[in-house]
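> This structure is in C-alpha cells; I'll ask about it shortly.
The values are calculated or read from the model by the stated rules, or taken from the named source; none is laboratory data. Predicted model only: the values in this text are computed from it and were never measured. Cβ coordinates were reconstructed from backbone atoms using ideal geometry, including for glycine residues, and neighbour counts include every protein chain displayed. What goes into the accessible areas is simple: the full protein's heavy atoms, side chains included, and nothing from ligands, DNA or RNA. Shrake-Rupley method; radii C 1.70, N 1.55, O 1.52, S 1.80 Å.
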Amino acid sequence: MNKIAKLFITFISAIAMALVSFSSSFAKVEGEYIVLGSAISLTGKYSSNGVHTQNGYNLAVDRINSMGGVKVGGKSYKFEIIYYDDESNPKRAAQLAERLIKQDGVHYMLGPYSSGLTKAIAPVTEKYKIPMVEANGASRSLFTKGYKYLFAVLSPANQYLEVAIDLAVEKNGGKPVKIAQAFEQDAFSQDVRLGILDAAKRTGSKIIIDDKLPKELNDMAATLAKVKATKPDVLVVSGHTKGALTAIRQIAEMKVDVPMLAMTHCDAAKLSKQHGKKAEYALCASQWHKNLSYKDKFFGTGKKYDKDFKKEFGYAPPYQSAESSAALLVFKDAFERANSFDRDKVRDALKATEMQTFYGNIKFGPGGQNTAKPMILFQVRCKGDTCENKVVAPTKWASDKFFHPIPPWSERG
Amino acid sequence: MDFLIFQAPMLMVQASLDGILLGILFALIAYGMALQWGVMNIINIAQGDLVILGGYIAYTMYLAGIHPAWGVIVSPIIMYFVGWALYKLVINKVVDRDLFISILATFGIAIVFQQLMNFIFGADVVVAQSEYGTTMLFDNSVTLPNSKIFSAVISLVYAIALVVYMKKSKLGRAIRATAQNARAAKILGVDTEKVYAATFGINAALCGIAGALISITLTLHPYVGLPYTVRSFMIVIVAGLGNLPAVAISGMGLGLFEEFADYILGTEFRIGAVFMLLVFILVYRRFKLSKKREYLK
C-alpha cells in the first residue's frame, strides 16, 4: 500500500469518527431544537403513503416553528425531524429505530407508515423507553400488548367499518343482514375484519362469504362470482388501495349488483381518477374529512388545513397527512404540559392528553389508542365526471344523505 | 374449504371460462420463457417484471390519451429493445455460465426493475380502462369482461404469428438451430451472439404484449411481477421447452387450476396452490426420471 492510500484511509476514518461523535452528541434537545426521529417509507411499496405521512409531519413542524415553537421552562424551542428511509421493510424499520435512538440520540419518535412497520418499531421504542406518537398504525394488536410509550392519534382498525354494518342493518329496517366480505391477509385488514365480526354478532347478522385475499392481489373474480350467486346485502372489502381498485374494476366488469359496498383505502379522487363513474356509491371508511368541524389554533379548521396543504404540496391532503400533522400537535402540547424534557414526564403528559385538533379530539385509552374520535364514512358521489367524497355517517357530521341501495348496473350509464 | 362451486353449475362455468381466458395469457408469457430457456439455457427470474414494465408502457399511453389496446403493438416494440439492451449489458456475460449464475443475475435485474418502476411510476396501483364492456351469458349469470376475451384472442394471434415466424424466417431458423446445437450452428455460420440478443428481445416483446393486456384486464403495481414469473416457470416445467401447443394447454390448465383453487380453498391460497403444484410436479418429474435413469459404472 502506498503512502497516499494510507493517508486517504486515515483521513476517511478520521471523518467517520468525527461523524460518529458528532451524531451521538446530537441528543434529544440540541440548542434551540427538539429533535424527533422517524423511519419512514420513502421507497418501496408504501412510498406514496410514506410521502403523505412525511408531508404531514413537515407541514406541522413548519407551522409550529413559525408560530412560536414549543415553550418549555420559559424558553422557546423548535421541532426538527431526522428521517430515514425504511424501504417499506419492517426489519429495516426496526434497525433504523435502533439507529435513531442509539446513534443519533433521539429521545422522542414519530411513527412510520402502516401497522406492519409500527409493529416492528414499537418493541424497540418500548425497550429504550422512548415515547412514540404514531399516526399511521391502526392495527388493534398494537394496543393490546401493554405498550407504555406508544400513542396513536388515529382510531384503531377494528372501528373502520363497524359503522357500515350498523348502517346496513338500519337500512334493512333493523333486521339482521347478510354480509359478504373479502380481506387481505395483513395485520390491518384482518383487524378490520374482526370489527365486522363483532358488528355481525352484535346485530345478529350472518356472514355468508368470508374470503381472505393474498398479498399479490390483482384478481377478485372468484369472490365476486360468489357474491353474484349468493346476493348479500352488503359487500365489505379491505386490501389497501389495490383491493379497492381491483374490487371496483371487477364489480363493474362483472356487473355485480350489491345494495351496499363498503371499503377501506378508497378515496374519491384516487378511485375516480382510475375508474371514473364506476366508483360511484362506494362507501369508504376514513379517519378524517376536511368538512368536519374540529378546530385548533395552528391549522384552524379542516378546510383551512386542506387549503394550506394544497398550496404547499400541490395536492389535496389524504387523511394519512392530516393525522400525521396531528401527531406533532400532540407532541407540542405534551412538552408544554410536562414543562420538561424528561422522557418519563413527557410520557406522563402524553398519557394525560385531552385536546382538540383540526383532525379531531385526542385522548388516549389505556393501550395508547385514541378513544375520543369516531371513524367517519363517506360515499363517493359523482356529478358529471367529477366525483367527491360526501360524508354520510355518523349523522352528527353527515353533509349528505346516504344513497341506498346502489342502483343495478343495468340502470347505470 | 368451500364447496359452493359444486352446488351452482353457473359458478362452474364462470370459473372455467375465467380460468381458460387467463390461462391463455399466462401461456404467452410462458412461451417467451420457454423460448429463451431453450435457446440460451437461462431461467429468467425477471420475466414477471418485464411483463409489468410492458404494462406500464401501455398505461403511459393511456395517460397520454391513446387507447391502451394500442399497447399490444407499441409495448412489444419498445420491450424488444429493452430486452436487447439487457442482453448486451448483463445477459451476454452469463449466457454460457451455469444456471445458478444466470438465476442470480436475472434476480438482480428483477430487483432493479421493481425499484425503477416504483421510482418512475410510483407505488400506487394503476389500471388502464379499455371500456370494452361485458358479455353476458346464460341470462346474466355468467359475465365475461370483453377485455379478457380481447386479451385471450390477441395472445393467440401473437403466439401463432410467432410459431410461423420461427418456422419460416431466416432468424427463426437460426434461433432453432442455435437451440439445438449452438456450437454446430456457429460453425455453420450462424452469428449466435446476434441470435441470443434477438431471442432475449423477442422474449421481452412477448412480455410487453402480455403486460399491455394485463393493464386492461387486471391491475398493475411495481411489485406484482413475481407471481407471473412463477406461473410461467411452472407452465414451462409441465410443457417442456419448444412445444407451443403443450405450453398453451398447460397454460390453460394452470388458469383453470388457479380458479378452482380460488373457489374451493379460498382466494388466499390461490398463489399458494400454484407453488404447491410446482413442488408436486417437480417431485413427480424426478420420480419418473429416476426410474429411467441409467448408470455408467
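> Under 8 Å by Cβ, and 6 or more places apart or on different chains, what pairs join a residue from the range B:1-13 that is at pLDDT 70 or above with one that is open to solvent by 70 Å² or more (accessible area, probe 1.4 Å) and not in a helix (DSSP H, G or I)?
Cβ pairs passing all conditions: B:M10/B:F138; B:V13/B:F138.
> If you don't mind, there's one more thing I want to ask. Go through the range A:167-206 and give me each residue that's in a loop (DSSP other than H, G, I, E, B) and farther than 18 Å from A:S114 by Cβ. Full working, then the answer.
In the first step, residues of the range A:167-206 are kept if they are in a loop (DSSP other than H, G, I, E, B); the result is A:172-177, A:185-186, A:204-205.
Within the range A:167-206, A:N172, A:G173, A:G174, A:K175, A:P176, A:V177, A:G204, A:S205 qualify.
> When the range A:356-402 is examined, which residues are found to be outside any strand (DSSP E or B), hydroxyl-bearing (S, T, Y) and in contact (Cβ under 8 Å) with a residue 60 or more places away in the chain? First the steps, then the outcome.
Taking the range A:356-402 and keeping what is outside any strand (DSSP E or B), we get A:358-359, A:365-369, A:371-375, A:384-385, A:394-402.
With hydroxyl-bearing (S, T, Y) added as a condition, the list becomes A:359, A:371, A:395, A:399.
Hits for the range A:356-402 are A:Y359, A:S399.
> Right, another one. Can you spot a residue in the range A:111-134 that is in contact with a Pro (Cβ under 7 Å, 6 or more places away or on another chain) and closer than 14 Å to A:T264 by Cβ?
Within the range A:111-134, not a single residue is in contact with a Pro (Cβ under 7 Å, 6 or more places away or on another chain) and closer than 14 Å to A:T264 by Cβ.
> Okay, next question. Regarding A:D267, is this residue open to solvent by 20 Å² or more (accessible area, probe 1.4 Å), outside the structural domain of A:E354 (by TED's automatic domain parsing) and more than 21 Å from B:G133 (Cα to Cα)?
When the stated conditions are applied, A:D267 passes them.
> For B:F260, are the conditions met, namely being of a type in the set (F, W, Y) and modelled with pLDDT of 85 or more?
In short, yes.
> Restricting the range A:270-288 to residues that are within 14 Å of another protein chain (Cβ to nearest Cβ) and touching a residue at least 60 places away in the same chain (Cβ under 8 Å), which is nearest to the chain's Cα centre (by Cα)?
This residue is A:L271.
> Do you know which of the residues in the range B:88-106 that are open to solvent by 60 Å² or more (accessible area, probe 1.4 Å) and at pLDDT 90 or above is nearest to B:N203 (Cα to Cα)?
Among residues in the range B:88-106 that are open to solvent by 60 Å² or more (accessible area, probe 1.4 Å) and at pLDDT 90 or above, the one nearest to B:N203 (Cα to Cα) is B:K88.
> Then there's this: Count, please, the residues in the range B:249-280 that happen to be away from chain A (no Cβ under 13 Å) and open to solvent by 30 Å² or more (accessible area, probe 1.4 Å). Let's see the steps before the verdict.
Kept after step one, since they are away from chain A (no Cβ under 13 Å), are these residues of the range B:249-280: B:249-254, B:276-280.
Filter once more, so that each one left must be open to solvent by 30 Å² or more (accessible area, probe 1.4 Å): B:249, B:252-253, B:276-277, B:279-280.
Count: 7.
> Moving on. Could you tell me which of the residues A:F358, A:F335 is modelled with pLDDT of 90 or more, touching a helix residue (DSSP H, G or I) at 6+ places or on another chain (Cβ under 8 Å), more than 30 Å from A:K129 (Cβ to Cβ) and crowded, with 18+ Cβ neighbours inside 10 Å?
On the way: A:F335 fails: more than 30 Å from A:K129 (Cβ to Cβ).
Going through A:F358, A:F335 in turn, just one is modelled with pLDDT of 90 or more, touching a helix residue (DSSP H, G or I) at 6+ places or on another chain (Cβ under 8 Å), more than 30 Å from A:K129 (Cβ to Cβ) and crowded, with 18+ Cβ neighbours inside 10 Å: A:F358.
> Among the numbered criteria (1) at pLDDT below 90; (2) touching a Phe, Trp or Tyr at 6+ places or on another chain (Cβ under 7 Å); (3) open to solvent by 40 Å² or more (accessible area, probe 1.4 Å), which single criterion is violated by B:S147?
It fails just one condition, (3).
> Check B:L63 against each of (1) touching a residue at least 24 places away in the same chain (Cβ under 8 Å); (2) out of contact with any helix residue (DSSP H, G or I) (no Cβ under 9 Å at 6 or more places or on another chain) and name the one condition it does not meet.
(1)
> Given the structure, is B:A159 part of a helix (DSSP H, G or I) and surrounded by 14 or more Cβ atoms within 10 Å (Cβ to Cβ)?
Taking the combined requirement at face value, the residue satisfies it.
> Within the range A:249-260, track down each residue that is buried (at least 24 other Cβ atoms within 10 Å of the Cβ) and more than 9 Å from chain B (Cβ to nearest Cβ).
Scanning the range A:249-260 gives A:I251, A:M260.
> Is it the case that A:P156 is open to solvent by less than 40 Å² (accessible area, probe 1.4 Å) and farther than 25 Å from A:A338 by Cβ?
Judged against the criteria, A:P156 is a match.
> Would the range A:383-396 turn up any residue that is open to solvent by less than 40 Å² (accessible area, probe 1.4 Å), within 25 Å of A:S141 (Cβ to Cβ) and polar (S, T, N, Q)?
no
> Given (1) without any contact (Cβ under 8 Å) to a residue 24 or more places away in the chain; (2) assigned to a loop (DSSP other than H, G, I, E, B); (3) not hydrophobic (A, V, I, L, M, F, W, C), identify the lone condition not met by A:N291.
Every condition holds for A:N291 apart from (1).
> Can you tell me which condition B:L241 does not meet? The list is (1) of a type in the set (A, V, I, L, M, F, W, C); (2) part of a helix (DSSP H, G or I); (3) away from chain A (no Cβ under 14 Å), and all the others hold.
Failing condition for B:L241: (2).
> Test of understanding: among A:D186, A:D198, A:D210, which residue is under 30 Å from A:D233 (Cα atoms), touching a residue at least 12 places away in the same chain (Cβ under 8 Å) and away from every other protein chain (no Cβ under 14 Å)? Even if it seems obvious, please write down each step before you answer.
Working: A:D186 fails: away from every other protein chain (no Cβ under 14 Å); A:D210 fails: away from every other protein chain (no Cβ under 14 Å).
Step by step, each of A:D186, A:D198, A:D210 is checked, and only A:D198 is under 30 Å from A:D233 (Cα atoms), touching a residue at least 12 places away in the same chain (Cβ under 8 Å) and away from every other protein chain (no Cβ under 14 Å).
> If only one of B:I24, B:I78 is more than 20 Å from B:E131 (Cβ to Cβ), more than 14 Å from chain A (Cβ to nearest Cβ) and either surrounded by fewer than 20 Cβ atoms within 10 Å (Cβ to Cβ) or more than 13 Å from the chain's Cα centre (by Cα) (or both), which one is it? Walk me through it before giving the result.
Values: B:I24 fails: either surrounded by fewer than 20 Cβ atoms within 10 Å (Cβ to Cβ) or more than 13 Å from the chain's Cα centre (by Cα) (or both).
The match here is B:I78.
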